[in-house]
């Protein structure tokens, strides 16, 4: 899916990034408890000038080859974050000898520009530890300074896999006459507070932490301290973060004047909306105009990547990032007399929801909300495929910050929790041709989430590539697609895709000396396909043969109702036609875990995978 | 590669004098469009393409001792799907001393509006430069106002300080290309060897213009190129040309001709000139220390294997690439961290210290951009250094960089036809014959006990199949095996994986699979073969442009013995099948045999692959062959309850 959608991320908002160094080979399989031990301190200090100083001190004792990765040093910086100082030393623990002293210039320096970005100033300095003798100690310390205190680093004391964290400390320091806010998660400890030289210091300290598995931990279960400002300022724009309204107000200031349109652009809006009565029609036509004529380009410029381009510039260039395209769409709607709101969201199909009680920057993407008398219309402005009003799994079902004149407020995006938003209907007519061969004529009708992939395929691929995609999607073995046509409809709120194809199958059934064995091929459904927890999935198959068929394995009439699904299968032989009608309705509760879904799908697979025996 | 350039201390001093003016014979001229270009709405030779390169050209010439390449490129967007082609990235290597530079970047987009050509030019503020680190830089820009029918075009000059090796030109793109032209004007005082590759290039080379040092190649109507499954890298098959300096006239010395790397020994000599490299071959203190290291083993083979294991266990790899060492042997032995090349050089030194003949061999591994080696000492064709040793009179190739590759075997990406043997004397290209008899030999005994079916497996993996088995199944246990078998409710017991002591590499995996059965059912279905090389046909689509690369040939044999239990009779089983691909590239035989005396059904399956590479012309046959084979192996045996 990643290839199909080029989603727009605000990039630098999250200072999270993952850098994985080469995995080193471990030659012998000894039982190793830890690869490394670490003692680390994070100091976060707010200065009276609204700067944020971040000092990281780490002492890592590397015990074996696999622990070398834990000695990795990474320092992220950009035009707002500067590296103030750095020093490091590598010591051979056995002899106590200094192997190497590190200065800033010894670090590698790379751009973190992403493949799809045209401009981004994020950079990384890093150092990879290479050594052959253990134990080894790498001790380093650095300080970075960020202009503006809109966001703060988050403290995550947990170490890497198979690393013993002997001690992890956090010091949060701020002037007595200022304030910061913080949110403690999964730490059963009060901060120690002390005052000196006009500064308040809060201190947390954890010992002997260990993580054995490599799985990505659930955000809700790991220890962390999130920090956010009260009063904040960045590049001359100031506000107060105690409420979502205060944060919204800051964004509102940044967006001021960005939605003016040139006379040419206004004329275009007038031309497009001429004669249209309803607001929804106007939204749809303007949205489609944008989808067809503007493309997503990531350009991270201005106020750490927060300030959108001017709508006029977007009109001229015919491209923009998520902020620019949302702003431009907003401007066009305004011109057409429709009020819309710019919205910040934490996007990603498997992201957790934001901490709603802790106003802070937790977002990485921008979309648009159009309040209507009846249903609110949501617009994902970087998608060239979704219908107006359908958000897709990238931003659905989560709290978002709607920016308004009054500031901002949290609102939830639609959850789409009904089978209306996720349907698959496959009708297949199969003709047996002898010697295992068959020809299949199939109509696949996909609605809502199920149609998302084909919407993108139709939009981005040429005919050859579409055919290639169909080969892989059908996953028939030994197939030759003789003809196909793909129709997508994104003019309704719920998108639809219909694929018709005729395909020759070299080996559809197996044949032994006495019988034919048919294993009906259904679509493959994965947990990712049921992100809205609901799905209606129908398979209707008709198999015809020039020879008389005799059903050895008997007719089937199944009707099951389980906790998470209803299953019906009806299989008969009528007028020498073998007919299979199979319907599933999934209805998972919202708090279901992925493992349950996967298990349920396995259960379905078993019900489906019953071979059919025909006597020869 | 730049590593290499720095390492080779080949300096070419050029007398500065002005060049005669260069003929202005462009085919791409910004803002001037032919009527074909304006009217074109699709690609004639690849109708589904959403965009096309209308033309691209590189005009190279020498000026002030530098190579200047004037590059122009023009694309047309047919469909809004292809708007991403309007995002341009130009990467170049600046190094510490500005060894490359980009100047004079111009870009513009043309749209026809009411029959009028409307051109939007881009300016400096639209070009973003990024420092990628390690000396690399990138210029990115994105064309505005791009829609269906837009023609986008840009030009720039690329300057190269280093002229010993020239990058040359690559002719294809991931969209079709109407024409791609490369021209280079080589002055009389410089002498270059050309190295071309690719089937279209070979044709174009026959028609190339060569006029007083002006060389020009034009390739036309090139289809788009994309990666395909079962190939190591399509880059190895692209049409391209590169250059290496063969000699020059030294005007500082009466115009005397100095040849550069004119034969294999000279190239070897240059490599030995590198201090770090030479240190591995000298009778220095480290060498004497190495000679004193206790090496276990009586025969040369035992000693060599001991050294091989010692290096793999005691030394750590870093991620330095290329075949030129960075550090000398002393530093490596002290720090115990080195590149692939350095560890292999160390192995050579240790073998030599123990009286075993060993030399470095340079190869071009798969994916390095070369499908064959050229017979000229063209140094840039190589990317890896491995060990060639003569052990107990037999030639052995070795590489210490891959964890699971045992002594005497090479990683699969190193299975190439030959390499360059670097010696103090008598260096030359040699052929590499990797003798092996790879394959999977499997015996399954199937019987019924109480309410389950038992499958007793003995699977032997030979030679490269043993290597790939170890690579994939480093931490195989019963639970993982259960998942791999991809069958519900099976129970794997008694898994044992052992290395068989033998001259050839053999790994034997034996285990028992228990599968519950429904004792009340009239019919009982058994799929006798669970472990197989291909679970499904890997070739799904119909087209193929590049060869299928299987890495090595093999011969598989699966035997299943099904004992028919009391109370059941053999009702039905798959029919015999023997198929082969044209000219015997692959063979598959499936023979069921009923032994009524012992109440046993024996199924004998053989699968031989006799070629590493299957050419695209044979792809359809291969796809059909695999289809029959994969399906046949899945067919069940049917037992019926006796009435």
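Tabulated results
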{"quantity": "Residues being touching a residue at least 60 places away in the same chain (Cβ under 8 Å) and within 28 Å of the chain's Cα centre (by Cα) - total across the range A:595-616", "calculated": "4"}
{"quantity": "Residues satisfying the stated conditions in the range B:103-121, i.e. within 10 Å of another protein chain (Cβ to nearest Cβ) and within 23 Å of residue A:111 (Cβ to Cβ)", "calculated": "none"}
{"quantity": "Failed condition for residue B:217, given (1) away from chain A (no Cβ under 14 Å); (2) modelled with pLDDT of 85 or more; (3) surrounded by 21 or more Cβ atoms within 10 Å (Cβ to Cβ); (4) assigned to a loop (DSSP other than H, G, I, E, B)", "calculated": "(4)"}
{"quantity": "Candidates B:388, B:423, filtered to the one that is surrounded by fewer than 19 Cβ atoms within 10 Å (Cβ to Cβ), at pLDDT 90 or above and out of contact with any helix residue (DSSP H, G or I) (no Cβ under 6 Å at 6 or more places or on another chain)", "calculated": "B:423"}
{"quantity": "Helices (runs of 4 or more DSSP H) (entirely within the range B:257-343) containing at least 1 residues that are modelled with pLDDT under 90, more than 14 Å from chain A (Cβ to nearest Cβ) and over 29 Å from the mean Cα position of the chain (by Cα)", "calculated": "B:285-292"}
{"quantity": "Only one of B:533, B:544 that is part of a loop (DSSP other than H, G, I, E, B) and either out of contact with any helix residue (DSSP H, G or I) (no Cβ under 7 Å at 6 or more places or on another chain) or more than 23 Å from residue A:479 (Cβ to Cβ) (or both)", "calculated": "B:533"}
{"quantity": "Condition broken by residue B:125, with the remaining ones in (1) in a helix (DSSP H, G or I); (2) over 29 Å from residue B:373 (Cβ atoms); (3) away from chain A (no Cβ under 13 Å) satisfied", "calculated": "(3)"}
{"quantity": "Any hit, the range B:153-168, residues being modelled with pLDDT of 90 or more, more than 10 Å from chain A (Cβ to nearest Cβ) and outside any strand (DSSP E or B)", "calculated": "yes"}
{"quantity": "Qualifying position, being assigned to a loop (DSSP other than H, G, I, E, B) and farther than 30 Å from residue A:105 by Cα, among B:147, B:81", "calculated": "B:147"}
{"quantity": "Any strands (runs of 3 or more DSSP E) falling wholly within the range A:153-259 and containing at least 3 residues that are over 30 Å from residue A:310 (Cβ atoms)", "calculated": "A:163-175, A:180-185, A:192-196, A:199-211, A:224-229"}
{"quantity": "Some residue of the range B:557-567 being within 14 Å of chain A (Cβ to nearest Cβ) and more than 36 Å from the chain's Cα centre (by Cα)", "calculated": "yes"}
{"quantity": "Selection within the range A:554-587 - under 15 Å from residue A:611 (Cβ atoms) and buried (at least 17 other Cβ atoms within 10 Å of the Cβ)", "calculated": "A:569, A:571, A:578, A:580, A:582"}
{"quantity": "Out of B:483, B:503, B:487, B:498, sole residue that is over 30 Å from residue A:552 (Cα atoms), within 14 Å of another protein chain (Cβ to nearest Cβ) and surrounded by fewer than 18 Cβ atoms within 10 Å (Cβ to Cβ)", "calculated": "B:483"}
{"quantity": "Of all residues making up the range B:602-615, the number that are at pLDDT 95 or above and out of contact with any helix residue (DSSP H, G or I) (no Cβ under 7 Å at 6 or more places or on another chain)", "calculated": "6"}
{"quantity": "Which numbered condition residue B:541 misses (of (1) within 12 Å of chain A (Cβ to nearest Cβ); (2) within 30 Å of the chain's Cα centre (by Cα); (3) touching a residue at least 24 places away in the same chain (Cβ under 8 Å))", "calculated": "(3)"}
{"quantity": "Residue within the range B:345-367 that is within 14 Å of chain A (Cβ to nearest Cβ) and in contact (Cβ under 8 Å) with a residue 24 or more places away in the chain present", "calculated": "yes"}
{"quantity": "Any hit, the range A:346-359, residues being outside any loop (DSSP other than H, G, I, E, B), away from chain B (no Cβ under 14 Å) and either at pLDDT 90 or above or touching a helix residue (DSSP H, G or I) at 6+ places or on another chain (Cβ under 8 Å) (or both)", "calculated": "no"}
{"quantity": "Filtered residues of the range B:620-643 (kept if closer than 15 Å to residue B:606 by Cα and either outside the structural domain of residue B:550 (by TED's automatic domain parsing) or in contact (Cβ under 8 Å) with a residue 40 or more places away in the chain (or both))", "calculated": "B:625, B:626, B:628, B:629, B:630, B:632, B:633, B:634"}
{"quantity": "Those residues of the range B:380-399 which are touching a strand residue (DSSP E or B) at 6+ places or on another chain (Cβ under 8 Å) and assigned to a loop (DSSP other than H, G, I, E, B), in sequence order", "calculated": "B:382, B:383, B:399"}
{"quantity": "Unmet criterion (only one of (1) in contact (Cβ under 8 Å) with a residue 60 or more places away in the chain; (2) more than 13 Å from chain A (Cβ to nearest Cβ); (3) assigned to a strand (DSSP E or B)) for residue B:52", "calculated": "(2)"}
{"quantity": "Top-ranked residue in the range A:539-549 [being part of a strand (DSSP E or B) and surrounded by fewer than 18 Cβ atoms within 10 Å (Cβ to Cβ); ranked as nearest to the other protein chains (Cβ to nearest Cβ)]", "calculated": "A:544"}
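Residue by residue, here is whether (1) away from every other protein chain (no Cβ under 14 Å); (2) loosely packed, with under 14 Cβ neighbours inside 10 Å holds:
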site: B:552; (1), (2): yes, no
site: B:572; (1), (2): no, no
site: B:578; (1), (2): yes, yes
site: B:583; (1), (2): yes, yes
site: B:598; (1), (2): yes, yes
site: B:605; (1), (2): yes, no
site: B:617; (1), (2): yes, yes
site: B:621; (1), (2): no, no
site: B:643; (1), (2): yes, yes
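The values are calculated or read from the model by the stated rules, or taken from the named source; none is laboratory data. Since we're looking at a predicted model, the values are computed, not measured. All Cβ positions, glycine included, derive from the backbone under ideal geometry; neighbour counts span all protein chains shown.
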